[in-house]
1. Send over a whole-number figure in Å² for the accessible area per residue of the stretch 92-216, probe 1.4 Å.
2. At SER84 and ARG38, where each label point lies 7 Å from the Cα along Cα→Cβ, what is the point-to-point distance in nanometres?
3. Could you give the nm distance between label points at SER131 and VAL210, where each point is 7 Å from its Cα heading toward the beta carbon?
4. Running a GNM on the chain with Cα contacts under 10 Å, which residue among SER27, SER161, SER123 ends up with the highest mean-square fluctuation?
5. Show which lysines lie in cross-link reach of LYS186 when reach means a straight Cα distance below 29 angstrom and same-chain residues fewer than eight apart are skipped.
6. If the only charges are +1 at each Lys and Arg Cβ and -1 at each Asp and Glu Cβ, what is the size of the charge dipole of the chain around the Cα centre, to the nearest 20 debye?
7. With a Förster radius of 22 Å, plug the Cβ-Cβ distance of THR184 and ASN101 into 1/(1 + (r/R0)^6) and report the FRET value to the nearest 0.05.
8. Using the Cα centre as the reference, give the magnitude of the dipole from point charges on the C-beta atoms of the stretch 89-170 (Lys, Arg: +1; Asp, Glu: -1; all else neutral), rounded to the nearest 20 debye.
Amino acid sequence: FEASAKTGYVLDDYFGSSLGSQFSVESYQQELTTGQHRFSGEQNTFRANLLYATKLGCNKKGLTVGVTALVDDYDVLFDSLDLSRNEKVFGAYGEFTWTPNERLSTIIGMRIDEHNLFGTMYSPRLHLRYSLTEDLSFKAAAGRGYRTANPVTDNLGFIASSREWKLEDPLIQESGWNVGANLTYKFRIDYRDATLAVDAYRTQFDKLAVINVETY
């Protein structure tokens, strides 16, 4: 089941100031038996986000700041492996938007999180959009991301085999840099709208959970 709630308050029309809150609760359960393997998992998650946004009295600039909380409780048993864990992440973030004209829009952001298992995490990001013409636009993005790997649930299809599972490190936090660009052209074919897009993206991992199905 899932439940969520969002609330917003407009504080000032001139500065465009507002307060917002987002809350969600999720619970998932899964049981799986295939061959000699048995999997039992339960995940209970709570997320909270409090944010303040303002246009700084100018339509060309915007600032958003906030704090977040995440509690993720996993009760996972795979055969004789106990993969249970409890993650608590508390963080703060800021995001500055600058739109000097109708063609250019930029977003610069930074968030800092404190993880009870992995320590302090820094996540900068940059988004850029530039309209070369009315029909041709260029977008670029760069940022850093983190994710706690779930080696079994991310690869449930491999449970169907008779292979023996060996987890050298059952608790791994993946991290990497993401860089990408996009070129989009909008046009019409007869009376129908059409879009042509070219994308190029790359993720450079600092740490990555790799599932080796060739050695064993």
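1. Per residue, the stretch 92-216 has 68 Å² of solvent-accessible surface.
2. Label-label distance for SER84 and ARG38, simple model: 1.6 nm.
3. It is 4.6 nm.
4. Per the Cα network of the chain with a 10 Å cutoff, SER161 tops the list.
5. List returned: LYS60, LYS61, LYS139.
6. About 1000 debye.
7. For THR184 and ASN101, the calculated efficiency is 0.70.
8. 100
The values are calculated or read from the model by the stated rules, or taken from the named source; none is laboratory data. As the structure is a computational prediction, the values presented were derived from the model and not from experiment. Positions of Cβ are generated from backbone atoms using ideal geometry, with glycine treated the same way; all protein chains shown enter the neighbour counts. For accessibility, only protein heavy atoms count, side chains too; no ligands or nucleic acids. Shrake-Rupley method; radii C 1.70, N 1.55, O 1.52, S 1.80 Å.
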